[in-house]
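These notes are about the structure you will find just below.
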Amino acid sequence: MNTKNGFNRLSRTPAHRRAMSRNMVTSLFRYERITTTKSKAMEVRKAAEKLITRSKVDSVHNRREAAKFIADEKILNKLFTEIGPRMKDRNGGYTRVLKLGFRQGDAADVVILELVDYKLETAEEKASKSEKKSDKSDKSDKAEKKAAPAKSEKSASSSKPKKTTSRAKKADAAPAENEAAK
């Protein structure tokens, strides 16, 4: 007796449902944690767990089967080089669903879908990331400052005198007339 073999259609057409599922699975592997509704999370979880099981054995066949579902090359590579080996000793249950509460607008159940070995960033890690970003922005600011004078010299030497229109002349003359009237 085959029971509970169905799936939730999520009130969407097959094409929309498939595209949404692919996008959500890709986001799950990219960020390792996503926030969504409970019904979507339960459907996405099925596809994600099957792909993680495939990624535990890195073969050409498994990569091609996973590539049918994941279009992004970087995420596909991450699945087979990072996520699959991390889950090597697990026999299933690669994802976790944590309840957040109800959404304000329609009271839908909102949950967090994450990989089981997901770790939150500590304050030290956040500080080190912000330092790296500030170092990069300092370097880019210096590069822009070096490039900016070279551009202004070229534009000053090759620029022609600007033609003024009658409107511009009137606008320039109006403040002088106002001062003379005082």
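Seen from Tyr118, the other residues with C-beta closer than 11 Å to its C-beta sum to a net charge of 0, counting Lys and Arg as +1 and Asp and Glu as -1.
Pairs over the 22 Å Cα-Cα cut-off, from the set Lys88/Lys119; Lys78/Lys119; Lys4/Lys78: Lys4/Lys78.
For the pair the range 1-53 and the range 82-122, the centres of their Cα atoms are 13 angstrom apart.
If the chain linking Glu49 and Glu125 were pulled fully straight, counting 0.36 nm for each residue of separation and taking away their Cα-Cα distance, it would gain 24.5 nm. Note on the range 14-119: Cα convex hull, mean projected area over all directions, 7.0 nm².
None of the figures in this text is laboratory data; all of them are computed from the coordinates on show. In this text, all values refer to a predicted model and were calculated from it rather than measured experimentally. Every residue, glycine among them, receives a Cβ derived from its backbone with ideal geometry; neighbour counts consider all protein chains shown.
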